[in-house]
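Trainee: Dropping a structure here in C-alpha cells format, bear with me for questions.
No lab work stands behind these numbers, since they all come straight from the coordinates. Quick caveat: nothing in here was measured; it's all calculated off a predicted structure. Neighbour counts are summed over all protein chains in view; Cβ atoms, including those assigned to glycine, are modelled from backbone coordinates with ideal geometry.
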Amino acid sequence: MRRRSFTGPLLLLLIGALFLWRNLHPEAPVFDLLASYWPFVLIAWGLLRLIEALIWSREGYGGYGFTGGEVVLVVLICLAGSGIWEAHQHGIRWNAFGPDWLGEQYDYPVSAHGPAAGMHRIVFDNPRGNIKVTGGDAPEVTVNGHKLIRAYARSDADRTSEKTPVEIVPQGDRLLVRTSQDRAPDNQRISDDLEVTVPRGMAVEARGRVGDYEISDIAGDVELAADRGDVRLARVGGNARLEMGRSDVIRAVDVKGKIDVQGRGSDIELENIAGQVTINGGYTGTLEFKNLAKPLQFEGARSTELSVQAVPGRISMDMGEFTARDIVGPVRLVSQSRDIKIEQFTQSLELETQRGDIELHPGRLPLYSIEAHSGTGRIDLVLPEKAAFQLQATAERGEAVNDFGPQIQKEVEGRTATLKGKVGDGPTIRLTASRGSVSVRKEGTLPSAPEPAAPPKPPKPPKNLKETEIEM
C-alpha cells in the first residue's frame, strides 16, 4: 500500500507564500532571487521525500519512490530554472505582471558636466546601456545622451527619470559617472546611452551588464567589462583589458599598449597594436590580426592554441581555415579541425591539426626548423630553390610526392611512404600525415599528381596439381 505524499501540498504553500510576499512588497527582486536560488526547490523537495521515505520504511509501507508525474515535474523545474538563469545573465528581469520588455518605452535626454582638473581616471557605473567616450583637449567631462525607460504609464516613467539622474561624482583622483539605475522599480527597465567627452590623458574604466563600448583618442589605459556587449577601440595610448561575457565583435585599431581579452563571442579584429596581445576565450567567428608588433598569445575554443612573436603581415582565422602571411616566429599552432596555409614566415614553426590540409610556403632564407602534423589531410611544402635543409616527410597511409629534385629520395614500406634527403647544411623539417599525402616542391613549379597505388600482386599458382595434392 502506498501512502499519499505531503511534499506537493507543502511546496504549493511555499510557492504561494512567495508570490503573496511579492504582491505585498513590489520592490522585492523576486526574479533575481529565483534566478540564483531555484535549485533550492529541488533540494527542499528531495529532503522532504527522503524524510517521508524514512518514515514510511519504519512504518512498513512500501512504494515510496518518485512517480512518473513527479519525474516530469522535476524535468520542467530544471528547464524553467535554467531558462530563468540564462535570462538573468542577459539582463532580462521579471515583475509581478510580466517580463520587463512589456509596456511602453519613454525617452528622456541626459546631460551632465563637471571639472576634471587633477583627475586621472573616469569610471562608469552604467549597468545597462551603450557608452561612447572620446578624448578631447577641454579640462572637463561632458556627458550627453538619452535615457530609455520602459514602463506601463508615462507618470511612472517620469518618476523613475527623476529618481535616476546621471551624476558625476569626484572620488579622489578619479571621477565616477553614475546612472543610478539601481533606484528604478523592479517592474521597469531602464538604460542610459551616453556620449562622453573627457580630457585626452585620462584612463577609462567601465563595468556593466548589457551595452556596447566605443572608446577613441584616449592616452590612458582602458578597462571594460560587461556580461554582453561589443567593443570598438581606436587610437588608445595605454593598455586595454576587456572582459566580455558575450560579444558579437571586438575591434581595436592603433593601440600603443598591451591588449588582454577574456570572454567568449564571435569576431575579433586587431590592427596596428604596439604591445603584446593575449586572448583567452571561446571566439567562434572570424579573427583578424594585422600589424602586431609584439607577441600574440591565443587560447580559444575547440582546443586551439596559437603563439606568434609578431605579425608584420596578417593572420585570418575562422572555424574552418587558418591563413597567415608575413609572420615572425617561433610559431606554434594547435588546431582540432582547420585547413592551414602559412606564407612568408621566419624562425621555427610547429603546427598540428587533427583534421585539415596544411600548406607551407616559407618564402625566405635561411630556413628554420619546421614540424607539422596532420591527422586527416595532406601536407604540401613549397621551398625556395636555394634552400638548405634536412627533410623527413612521412605519409603513414597515403602517397608521398617529390617534386623538389634528386636530392630527395622516396621510400615505400607497406602502406607508409617516406621522403628523405639533405640539401646543404640546414635545419630539420619533419612532416607527418597520418591519413593523407605529403608533397615537397620548389617555388615556381606546379605540383604533380600523386602516383596511383600499384594493385596488389595475385598469389602465384602452384606448379602443378599433383604437387599440391601431395603437400596437402
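Trainee: Quick one: in the stretch 194-243, which of the residues that are more than 26 Å from the chain's Cα centre (by Cα) and under 21 Å from His146 (Cβ atoms) is surrounded by the most Cβ atoms within 10 Å (Cβ to Cβ)?
Mentor: Once the filter is applied, the top-ranked residue is Val198.
Trainee: Hey, can you tell me all the residues within the stretch 147-173 that are buried (at least 16 other Cβ atoms within 10 Å of the Cβ) and not in a helix (DSSP H, G or I)?
Mentor: Passing the criteria: Lys147, Leu148, Ile149, Arg150, Ala151, Thr164, Val166, Ile168.
Trainee: A further question follows. Which one of these is among the polar types (S, T, N, Q) and under 25 Å from Glu343 (Cβ atoms): Thr394, Thr418?
Mentor: Testing whether each residue is among the polar types (S, T, N, Q) and under 25 Å from Glu343 (Cβ atoms) leaves just Thr394.
Trainee: Sticking with this structure for a sec: Tell me, which residue of the stretch 174-193 that is over 20 Å from Gly237 (Cα atoms) and basic (Lys, Arg) is surrounded by the fewest Cβ atoms within 10 Å (Cβ to Cβ)?
Mentor: If we filter the stretch 174-193 for residues that are over 20 Å from Gly237 (Cα atoms), which is where we start, we get 176-193.
Then drop every residue that is not basic (Lys, Arg), which leaves 178, 183, 189.
Working: Arg178: 17, Arg183: 12, Arg189: 24.
Only one residue fits best here, namely Arg183.
Trainee: Just name the residue that is surrounded by the fewest Cβ atoms within 10 Å (Cβ to Cβ) out of those in the stretch 411-426 that are touching a residue at least 24 places away in the same chain (Cβ under 8 Å) and more than 13 Å from Leu381 (Cβ to Cβ).
Mentor: By that ranking, first place goes to Asp425.
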